[in-house]
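S.K.: Provided herewith is a single structure, encoded as structure tokens, for subsequent inquiry.
The values are calculated or read from the model by the stated rules, or taken from the named source; none is laboratory data. Keep in mind the model is a prediction, meaning the values are calculated, not measured. Here the Cβ is made from the backbone with ideal geometry for all residues, glycine too, and neighbour counts use every protein chain on show. With ligands, DNA and RNA removed, areas are computed over all heavy atoms of the protein, side chains included. Shrake-Rupley method; radii C 1.70, N 1.55, O 1.52, S 1.80 Å.
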Amino acid sequence: MSVNTFGRVLRFTTWGESHGPAIGAVVDGCPPLLALSEADIQPFLDARRPGTSKFTTQRREPDAVKILSGVFEGKTTGTPISLMIENVDQRSKDYSEVARAYRPGHADYAYNAKYGIRDYRGGGRSSARETASRVAAGAVARLAIPEVAILAYVSAIGGDAVDPANFDANEIGNNPFFCPDAAAAARWERLVDEARLAGSSLGAVVECVATGVPAGWGAPLYGKLDADLASAMMGINAVKGVEIGDGFEAARLRGEQNADPMRPGENGPTFEANHAGGIAGGISTGQPVVVRVAFKPTSSILIPQDTITRDGEAAEIVTKGRHDPCVGIRGTPVVEAMMAFVLADHKLLHRAQCG
């Protein structure tokens, strides 16, 4: 069974392939009477859209979303919301070598091993093109959590990290890297360009912070907010690691260092630290929810790689076509979208149990 649906109360199902006529999502469980139009979704798709700079794939897709159902007179009706994004700039001929042999590090072999068939044109369902559908679904989810502000940014590329002392949220939209540090963005221009010109690629770390999340969302054990966030982020193409709060760094600390001390406040406790990333025991604490996501380097590169053919024979492959030299850059809006969807789902779950 293929699992193409995510969420519990609020759910989305994505459909389509990289080189098919269109991709899209069906969002089910959205509350009624929320104002929704294509204009509410399009800015988030524009942020993820390919071809916006030389540091992303040069595939030219307008990513114009169409709402096919679930909206009447500008308001959600409570019925399934169907979203469609047409593919207009496919170049299937670029994948003749991929049809013959598997790309190391890509899903080609594993996909073929599971199904016995694969769409080699851009990777089919395993292509990062599918994430546009998630961004569209995440834009709908944001309508259900107006009290929450979500901000994602790239905190490292190729092992070169931003300086926290230089953090400026206003810089994120001023460069092609979603980078909050102007000095780091300048370094990354050279770093990513060198990898691109060499036919290689780089990995990246994306950090996402959600503020305004009240205490109480999530559940102990099998409905943990952090577990669902980890699942959502790990489901994004090319993601190989997720941290909540301090993450792996917490393993290096003593108990008194890792604690988040509380003091009395006018509207509940105030916290003197946030090592837990806004989640304790699977339930939000009211602090900012902090997630970091590690993207591997793009597997489709021009440097020759040892591989095997579909018949199991030794071969070498060079992946032609248009690919991101750092897939984590355009992964930033996808991380935001999945954060929004998980938080909206947990808000509705909390309301269902606790009123």
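S.K.: Output the residues belonging to the range 195-219 that are over 23 Å from the mean Cα position of the chain (by Cα) and at pLDDT below 95.
M.R.: Once the filter is applied, which keeps residues that are over 23 Å from the mean Cα position of the chain (by Cα) and at pLDDT below 95, the range 195-219 yields 197, 198, 199.
S.K.: Strands (runs of 3 or more DSSP E) wholly in the range 224-318 with at least 3 residues that are open to solvent by 30 Å² or more (accessible area, probe 1.4 Å) and farther than 19 Å from residue 328 by Cβ - which ones? Break it down stepwise before answering.
M.R.: Working: elements: 239-244, 289-295, 305-308, 314-317.
In the range 224-318, 305-308 are the strands (runs of 3 or more DSSP E) which contain 3 or more residues that are open to solvent by 30 Å² or more (accessible area, probe 1.4 Å) and farther than 19 Å from residue 328 by Cβ.
S.K.: Before we move on, is residue 45 over 16 Å from the mean Cα position of the chain (by Cα) and either at pLDDT 95 or above or surrounded by 18 or more Cβ atoms within 10 Å (Cβ to Cβ) (or both)? Give the steps one after another, and end with the answer.
M.R.: Working: over 16 Å from the mean Cα position of the chain (by Cα): no; either at pLDDT 95 or above or surrounded by 18 or more Cβ atoms within 10 Å (Cβ to Cβ) (or both): yes.
When the stated conditions are applied, residue 45 does not pass them.
S.K.: Looking at the range 110-147, which of the residues that are outside any helix (DSSP H, G or I) and among the β-branched types (Val, Ile, Thr) is surrounded by the most Cβ atoms within 10 Å (Cβ to Cβ)? Write out each step before concluding.
M.R.: If we filter the range 110-147 for residues that are outside any helix (DSSP H, G or I), which is where we start, we get 116-123, 127, 143-147.
Among the residues that remain, those that are also among the β-branched types (Val, Ile, Thr) are: 117, 145.
Details: 117: 8, 145: 22.
Here the answer is 145.
Yes or no, residue by residue, for (1) in contact with a Ser or Thr (Cβ under 7 Å, 6 or more places away or on another chain); (2) of a type in the set (Ser, Thr, Tyr):
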{"residue": "306", "(1), (2)": "no, no"}
{"residue": "310", "(1), (2)": "no, no"}
{"residue": "313", "(1), (2)": "no, no"}
{"residue": "319", "(1), (2)": "yes, yes"}
{"residue": "325", "(1), (2)": "yes, no"}
{"residue": "328", "(1), (2)": "no, no"}
{"residue": "353", "(1), (2)": "no, no"}
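S.K.: Right, here's the next one. Of all residues in the range 165-180, count the ones that are open to solvent by less than 60 Å² (accessible area, probe 1.4 Å), closer than 19 Å to residue 326 by Cα and without any contact (Cβ under 8 Å) to a residue 24 or more places away in the chain.
M.R.: Qualifying residue count, the range 165-180: 2.
S.K.: I'd like to verify a number: residues in the range 322-343 that are more than 11 Å from residue 298 (Cα to Cα) and either aromatic (Phe, Trp, Tyr) or open to solvent by 10 Å² or more (accessible area, probe 1.4 Å) (or both), how many?
M.R.: 5
S.K.: Here are some conditions: (1) in contact with a Pro (Cβ under 9 Å, 6 or more places away or on another chain); (2) under 16 Å from residue 14 (Cα atoms); (3) modelled with pLDDT of 95 or more. Residue 129 meets all but one. Which one does it not meet?
M.R.: (3)
S.K.: Could you tell me which residue of the range 12-33 is nearest to residue 120 (Cα to Cα), considering only residues that are open to solvent by 30 Å² or more (accessible area, probe 1.4 Å) and touching a residue at least 24 places away in the same chain (Cβ under 8 Å)? Write out each step before concluding.
M.R.: Here is the first cut: in the range 12-33, the residues open to solvent by 30 Å² or more (accessible area, probe 1.4 Å) are 13, 15, 17, 21, 26, 28, 32-33.
So of that shortlist, the ones also touching a residue at least 24 places away in the same chain (Cβ under 8 Å) come out as 15, 17, 21, 26, 28, 32-33.
Details: 15: 17, 17: 10, 21: 15, 26: 25, 28: 30, 32: 40, 33: 42 Å.
So, considering only residues that are open to solvent by 30 Å² or more (accessible area, probe 1.4 Å) and touching a residue at least 24 places away in the same chain (Cβ under 8 Å), the one nearest to residue 120 (Cα to Cα) is 17.
S.K.: State all residues of the range 1-26 that are small (Gly, Ala, Ser) and under 15 Å from residue 83 (Cα atoms); if no residue qualifies, say none. It would help to see each step written out before you state the result.
M.R.: Just the residues of the range 1-26 that are small (Gly, Ala, Ser), to begin with: 2, 7, 16, 18, 20, 22, 24-25.
Within the range 1-26, 16, 22, 24, 25 qualify.
S.K.: I would also like to ask the following. Pairs only if they're at least six apart or on different chains, beta carbon under 7 angstrom, first in the range 230-244 and under 16 Å from residue 134 (Cβ atoms) and touching a residue at least 40 places away in the same chain (Cβ under 8 Å), second assigned to a loop (DSSP other than H, G, I, E, B) and open to solvent by 30 Å² or more (accessible area, probe 1.4 Å); list them, first residue then second.
M.R.: The qualifying pairs are 238/296.
S.K.: If you go through the range 73-102, how many residues are on the phi < 0 side of the Ramachandran plot, at pLDDT 90 or above and part of a loop (DSSP other than H, G, I, E, B)?
M.R.: 4
S.K.: Also, quick follow-up: I need the full set of residues from the range 147-164 which are free of Cβ contacts under 8 Å to residues at least 40 places away in the same chain and closer than 28 Å to residue 286 by Cβ, in order please.
M.R.: If the condition is that a residue be free of Cβ contacts under 8 Å to residues at least 40 places away in the same chain and closer than 28 Å to residue 286 by Cβ, then 162, 164 are the ones that fit.
S.K.: Restricting the range 189-212 to residues that are free of Cβ contacts under 8 Å to residues at least 60 places away in the same chain and of a type outside the set (Lys, Arg), which is most open to solvent (accessible area, probe 1.4 Å)? Lay out the reasoning, then the answer.
M.R.: Initially, the range 189-212 is screened for residues free of Cβ contacts under 8 Å to residues at least 60 places away in the same chain, giving 190-191, 194, 197.
This time we only want the ones that are of a type outside the set (Lys, Arg), so: 191, 194, 197.
Numbers: 191: 52, 194: 107, 197: 129 Å².
Here the answer is 197.
S.K.: A further question on this structure: Run residue 215 past the list (1) in contact (Cβ under 8 Å) with a residue 60 or more places away in the chain; (2) in contact with a Gly (Cβ under 9 Å, 6 or more places away or on another chain); (3) in a helix (DSSP H, G or I) and report the number of the one that doesn't hold.
M.R.: It fails just one condition, (3).
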